[in-house]
Amino acid sequence: QVQLVESGGGLVQAGGSLRLSCAASGDNFYNYAIGWFRQAPGKEREFVGGVARRADTSLLEDSVKGRFAISRDNAKSTVYLRLNNLKPEDTAVYSCAADRTGPWYIPRLGHEYDYWGQGTQVTVSS
């Protein structure tokens, strides 16, 4: 069992940057892969990227590669999602999720995750 809290969202202009954090508590953070999802109003939730239990194993969706970066700090029980060169279409609620899985596996589907944070709003103005 783990609790997740996202932070770092806000309102930025197009081209700006944000650093989102997913802080975990309640269990050994190393037991969990962490995924990032986003959902805009009227749109389905989509996978953004994730990091495996091993911090050197991560992935990002093609739509954000080159602009976003994901990292994991097990000492701080936190996963970061750096959002660079933001575009209005990046506007969404960004949520992190945790899955107790193998050391190199990163789930890409929401139903694979057992624990979710409440999300943090990212709004990008044109």
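The values are calculated or read from the model by the stated rules, or taken from the named source; none is laboratory data. Here the structure is a predicted model, which is why all the values come from computation and not from measurement. Every residue, glycine among them, receives a Cβ derived from its backbone with ideal geometry; neighbour counts consider all protein chains shown. Just so you know, the surface numbers come from the protein's heavy atoms only, side chains and all, with ligands and any DNA or RNA stripped out. Shrake-Rupley method; radii C 1.70, N 1.55, O 1.52, S 1.80 Å.
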**Report entry** Dimensions in Å of the chain - Rg and Dmax from alpha carbons
**Finding:** 13.4, 41
Report summary line: Computed ³J(HN,Hα) along region 51-67: with the Karplus parameters 6.51/-1.76/1.60, θ = phi - 60°, integer Hz and x for glycine or proline, the list is 9, 6, 4, 7, 5, 8, 10, 8, 8, 9, 5, 4, 5, 10, 4, x, 10
Report summary line: Taking 0.36 nm per residue of separation between Arg100 and Gln3 and subtracting their Cα-Cα distance, the length gained on full extension comes to 33.6 nm
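Got a number for carbon plus sulfur as a percent of the chain's accessible area, 1.4 Å probe? Each step should come with its number before you reach the end.
On the way: 2870 of 6330 Å².
The nonpolar share, carbon plus sulfur, comes to 45 percent.
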Requested in this report: Enter the mean projected area of the convex hull around the alpha-carbon atoms of region 1-49, in nm², rounded to one decimal.
Outcome: 4.6 nm²
Report summary line: Simple spin-label estimate for Glu112/Glu46, 7 Å along Cα→Cβ, in nm, reads 1.8 nm
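So what is the diffusion coefficient of region 22-85 in µm² per second by Stokes-Einstein at 37 °C and 0.692 mPa s, using a Kirkwood Rh over Cα pairs? Write down the numbers at each step before the final one.
Working: Rh = 12.4 Å.
My calculation gives 264 µm²/s for D.
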